[in-house]
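The values are calculated or read from the model by the stated rules, or taken from the named source; none is laboratory data. Keep in mind it's a predicted model, so treat the numbers as computed, not measured. With ideal geometry, Cβ positions are generated from the backbone for all residues, glycine too; neighbour counts draw on all protein chains shown. For the accessible areas, the whole protein counts, side chains as well, though only heavy atoms, and no ligand, DNA or RNA atoms are used. Shrake-Rupley method; radii C 1.70, N 1.55, O 1.52, S 1.80 Å.
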Amino acid sequence: MSKTKYSALKVLKEALTGHKGWEPAWRDAEPKADGYDVIIVGGGGHGLATAYYLAENHGITNVAVLEKGWIGGGNVGRNTTIIRSNYLLPGNEPFYEMSMQLWENLEQDLNYNAMVSQRGIMNLIHSDAQHDAFMRRGNAMLFADAGCEYLNKKEVKERYPFLDMDNARFPIQGALAQPRGGTVRHDAVAWGYARAASDLGVDIIQNCEVTGFNIENGKCLGVQTTKGDIKAGRVGVCVAGSSSRVMAKAGINLPIESHVLQAFVTEGLKPVLDNVITFGAGHFYCSQSDKGGLVFGGDIDAYNTYAQRGNLPIVEDVCSGGMAIMPMVGRVRLLRMWGGIMDMSMDGSPFIDKTDIQELFFNGGWCYGGFKATPASGYCYAHLLATDEPHEVATAYRLDRFRRGEMIDEKGVGAQPNLH
Amino acid sequence: MIINHPLLGPRDSEEFVYLGSADLINRPTNWESEEAAEDFYQYLYIRENIAGDNRELWYHEQGDQSWLVVTRCTLTHEIKSVELAQDVSRAQGRSK
Ligand SMILES: Cc1cc2nc3c(=O)[nH]c(=O)nc-3n(C[C@H](O)[C@H](O)[C@H](O)COP(=O)(O)OP(=O)(O)OC[C@H]3O[C@@H](n4cnc5c(N)ncnc54)[C@H](O)[C@@H]3O)c2cc1C
């Protein structure tokens, strides 16, 4: 394997020599006949990151990532690219803060430009109760060294004069901001991890759907795929919105429902929004891409679905949320919209755990917020797969936490996945 | 999506609130037994999350406030049948 190092000098050299020296970023592999030490099912952000950290942190390189379509075609390439570590509960906040720290060094670690942009995120406050709740959250963030900032009404208005400050229903009182939050080019994360993992010897196998597991006496010996059976010492499932469908093949039902979330992009505008703004009261969040389009989203469609497209009522709902908070978007035209299937868990928090079947592991339940978790999820899943012990920031992400009554319910809405 | 209400005819799904799987009708009744904790755990938290025809509970909040059991394909969003939840529940031998 010859690793091309990306650098400004390399770009310049290639520009002057007709771009003949670029190589594919990763090897497109076929399954090995004698199998692998670890098979990761699902080539999304989390699966590819897991493979990379298995090789990089634990020296386990006889690894394959099996992807039913193409890498980056799942939620990792469909999300609205927001990263933040502004969680409240102790089971979550240290994990997401570790993820933020990994984002901060990601491009150097992977030698890949993922356009990590810590432009800041701002959660608007509209009521006294929300004010108190955000103060509590801000303190939790400070405890975890995530950093945060309170902006009063005047400061919000100075930064973003286009916001409807005195909206009759939801007047803006201020905001809780995390200056280290921001956005990342989402599919570059898949490509960057794929390239780095492939360079360390990981096989990335596309168009290879896992159709079953070979399980004998309660132990998983490998997987059945559209490219034949593949043996494995250990199998780590990591398929996001398909979690229930895949785990059902091992006879396991999960505390998860699948729902669709839609995302929207407008035509390109001149720079107007240098931050991520969230309007929790009506549910609308927005940032501006480097190409100029406003990228935004809102609520999930709220019924179980595996169809990777949403319905029109939510389009109306999200757009009216946008109009309520930043009326200046009214004449901007919508260019594109799409949906992604998410694994909504019973408390809105994820799982990184063993299963009752030996050598079969599970990572999922990331809901609509798993993109920001990608580096830490891969890091902690690799730790579990390599050492049999959960990483210290991921000890709460157990599959049996509902049985024990130890939910991690950030929103406090209970076992109703479409409300998380 | 249009839900064909058994009493009111075709209605926009926007008039309804979605609860989840129609299995939620089958709340365990054995709360005093040894298995109760496990049965309630399975009932409350574990889902089949079917890819295909799913039987689910919809509440006609902005209409006649009845609960419906809608059989809907989660791959295509096609609605196959709609029944009053009360009828489904009684047919299973429950009192309401
Ligand atoms: C519209 C939208 C907006 C979002 N916005 C944000 C955001 O702003 N911030 C944030 O933090 N999160 C966001 N999310 C959530 C985030 O995208 C997901 O939680 C995260 O990407 C899931 O992990 P992943 O990247 O591994 O998933 P995926 O990329 O979906 O990877 C799973 C892979 O498994 C593959 N697979 C499935 N079944 C099989 C099989 N049987 N065999 C082999 N492979 C299989 C799939 O093809 C897929 O490629 C958003 C999600 C959506 C849909």
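Side notes on the structure shown:
- All told, A:GLN108 meets the bar of being closer than 29 Å to A:LYS5 by Cβ, away from the ligand (no atom under 16 Å from the Cβ) and either assigned by TED's automatic domain parsing to the domain that holds A:PRO271 or open to solvent by 60 Å² or more (accessible area, probe 1.4 Å) (or both).
- Taken over segment A:238-255, the residue count meeting the criterion of being in contact with a helix residue (DSSP H, G or I) (Cβ under 8 Å, 6 or more places away or on another chain) and more than 20 Å from A:ARG78 (Cα to Cα) is 3.
- Only a single criterion out of (1) closer than 30 Å to A:ILE408 by Cα; (2) open to solvent by 20 Å² or more (accessible area, probe 1.4 Å); (3) more than 11 Å from chain A (Cβ to nearest Cβ) is not satisfied by B:GLN42, namely (3).
- Filtering segment B:59-75 to residues that are at the interface with chain A (Cβ under 8 Å from one of its Cβ atoms) and surrounded by 16 or more Cβ atoms within 10 Å (Cβ to Cβ) leaves B:ARG72, B:THR74.
- The condition of being assigned by TED's automatic domain parsing to the domain that holds A:SER243, on the phi < 0 side of the Ramachandran plot and more than 19 Å from the chain's Cα centre (by Cα) holds for only one of A:ALA33, A:ALA51, that being A:ALA33.
- Residues of segment A:284-297 that turn out to be in contact (Cβ under 8 Å) with a residue 24 or more places away in the chain and within 19 Å of the chain's Cα centre (by Cα), as a count: 8
- In segment A:55-74, residue farthest from the ligand (Cβ to nearest atom) [restricted to those that are closer than 18 Å to A:GLY364 by Cβ and surrounded by 24 or more Cβ atoms within 10 Å (Cβ to Cβ)]: A:VAL65
- Just one of the listed residues (B:GLU15, B:GLU78) is surrounded by 13 or more Cβ atoms within 10 Å (Cβ to Cβ) and either closer than 30 Å to A:ARG403 by Cα or not hydrophobic (A, V, I, L, M, F, W, C) (or both), namely B:GLU15.
- Within segment B:18-39, being in contact with a Lys or Arg (Cβ under 8 Å, 6 or more places away or on another chain), open to solvent by less than 20 Å² (accessible area, probe 1.4 Å) and of a type outside the set (A, V, I, L, M, F, W, C) holds for one residue alone: B:GLY20.
- Listed by position, the strands (runs of 3 or more DSSP E) inside segment A:311-420 whose residues that are under 30 Å from A:PRO171 (Cα atoms) and more than 22 Å from the chain's Cα centre (by Cα) number at least 2 are A:334-345.
- Strands (runs of 3 or more DSSP E) fully within segment A:200-285 counting 1 or more residues that are away from every other protein chain (no Cβ under 14 Å) and more than 14 Å from the ligand (Cβ to nearest atom): A:210-216, A:219-225, A:228-237, A:256-268, A:276-279
- Residue that is more than 27 Å from A:ALA196 (Cβ to Cβ), at pLDDT 95 or above and crowded, with 17+ Cβ neighbours inside 10 Å, where the choices are A:GLY120, A:GLY77: A:GLY120
- With respect to (1) more than 16 Å from the ligand (Cβ to nearest atom); (2) assigned by TED's automatic domain parsing to the domain that holds A:PHE284, the lone exception for A:GLN178 is condition (1).
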